[in-house]
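First the structure, in the form of structure tokens, and then the observations on it.
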Amino acid sequence: MNTTPSAPLHSVSTTVRHLSTSDQDHPQIDATVRIPATGARALVLGGGGSTGNAWLIGVVAGLFEAGLDVTAADLTIGTSAGSTAAAQLAGATPTELLSAILNTAPPAGAGPRRGRAPAGPVASHLERTAAIIAASDDAADMRRRMGAAALEMEAASDGSWQAQWRATVASRLPSQHWPERAVLVTAVDARTGEPVVFDRRSEVELVDAVAASCAGGLPYRIGDHQYIDGGYRRNENADLAAGYRRVLVLSPFGGRTRHPLDWGLQLAAQVDELRARGSKVETIGPDSGSEHLFGANAMDPSLRPAAARAGYAHGGALAAHLAEFWR
């Protein structure tokens, strides 16, 4: 759920051709080697926790049922909760996904927390990451510190989280297979702080890529490497769509950032970068009536139906405006 800067992005692969000796211990290939640098349409799904995922599905479903299908984008970029949404939309229709959210009963004891401070693990996470941000010299330093903190927490854990988290993520995905169309899932290497992108040629299973992208606390291991939330690069990572003619960005956090503005992680900076490269960009964030569903309340599962409904209404209302832009 946090953001990181626009740094060189790599894609995990077992291929070692064209790599330097130092790189062969951690084979990585820049995503642009495999993903077309230009295209007609890109869909960007930003991070935002459990409610953010529901809101994203709601927006896409609202657009879909109003006659605008954005799931057919030439490129989809998913970060954290947005990576889950990207994978879900690759395996089911927006209408099916929305229905699943609305028909799922919240856990016993869960309830809305509007106007109340976050409690328990969420509050601890916010306090811990806020302290790391405050102590960091810049965004790259912040990413390294976030990774080091995650590795430290893992060392103190009983080791059971990895399997539990993988099972949780797998249960959310209608399909365990990468789609044929271009989907990028972002993460950050916990040991180096370097951004990483996974795609269907990375020889990483879809569930593992999504689990890594959503690893906001403990790091998620894939092979010999461990990864943390892709939002530590940037919460939307919309700049990865540079070169695409039309870019639609869905941001559950409304483009806000917890980081110093001079780090350039905010969505406005990403949009400026895209437009400087010739892209036309439209952004969608929650309206003022639903902002309380995100931020400190982003991990409250009882708010998922409300977030999905808010997104659905917002998407439906914007469909006519976006139709000419997208088509």
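Report yes if some residue within the stretch 192-199 is open to solvent by 10 Å² or more (accessible area, probe 1.4 Å) and hydrophobic (A, V, I, L, M, F, W, C); otherwise report no.
No: the stretch 192-199 contains no residue that is open to solvent by 10 Å² or more (accessible area, probe 1.4 Å) and hydrophobic (A, V, I, L, M, F, W, C).
Do we have any residue at all in the stretch 283-291 that's exposed (fewer than 15 other Cβ atoms within 10 Å of the Cβ) and in a helix (DSSP H, G or I)?
No, the stretch 283-291 has no match at all.
For ALA209, work out the one condition from (1) out of contact with any Asp or Glu (no Cβ under 9 Å at 6 or more places or on another chain); (2) under 20 Å from ASN237 (Cβ atoms) it doesn't fulfil.
It is condition (1) that ALA209 fails.
So in the stretch 179-191, with the set limited to residues that are of a type in the set (Gly, Ala, Ser) and assigned to a strand (DSSP E or B), which one is surrounded by the fewest Cβ atoms within 10 Å (Cβ to Cβ)?
Only one residue fits best here, namely ALA182.
Out of (1) farther than 17 Å from LEU43 by Cα; (2) surrounded by fewer than 24 Cβ atoms within 10 Å (Cβ to Cβ); (3) among the charged types (D, E, K, R), what's the single condition that is false for ARG277?
Of (1) farther than 17 Å from LEU43 by Cα; (2) surrounded by fewer than 24 Cβ atoms within 10 Å (Cβ to Cβ); (3) among the charged types (D, E, K, R), only one is false for ARG277: (1).
All but one of (1) surrounded by fewer than 19 Cβ atoms within 10 Å (Cβ to Cβ); (2) modelled with pLDDT of 95 or more; (3) assigned to a loop (DSSP other than H, G, I, E, B) hold for GLU236; which doesn't?
(1)
When the stretch 200-221 is examined, which residues are found to be assigned to a helix (DSSP H, G or I) and surrounded by fewer than 24 Cβ atoms within 10 Å (Cβ to Cβ)?
Hits for the stretch 200-221 are VAL207, ASP208.
If I go through the stretch 54-75 residue by residue, how many of them are open to solvent by 10 Å² or more (accessible area, probe 1.4 Å) and either modelled with pLDDT of 95 or more or in a loop (DSSP other than H, G, I, E, B) (or both)?
Total satisfying the criteria: 7.
Would you pick out the residues in the stretch 239-269 that are small (Gly, Ala, Ser), in a helix (DSSP H, G or I) and surrounded by 24 or more Cβ atoms within 10 Å (Cβ to Cβ)?
ALA241
The values are calculated or read from the model by the stated rules, or taken from the named source; none is laboratory data. Just so you know, these numbers come straight off a predicted model, no measurement behind them. Note: ideal-geometry Cβ built from the backbone for every residue, glycine included; neighbour counts use all protein chains shown. To get the accessible areas, we keep the full protein, side chains included, count just its heavy atoms, and leave off ligands, DNA and RNA. Shrake-Rupley method; radii C 1.70, N 1.55, O 1.52, S 1.80 Å.
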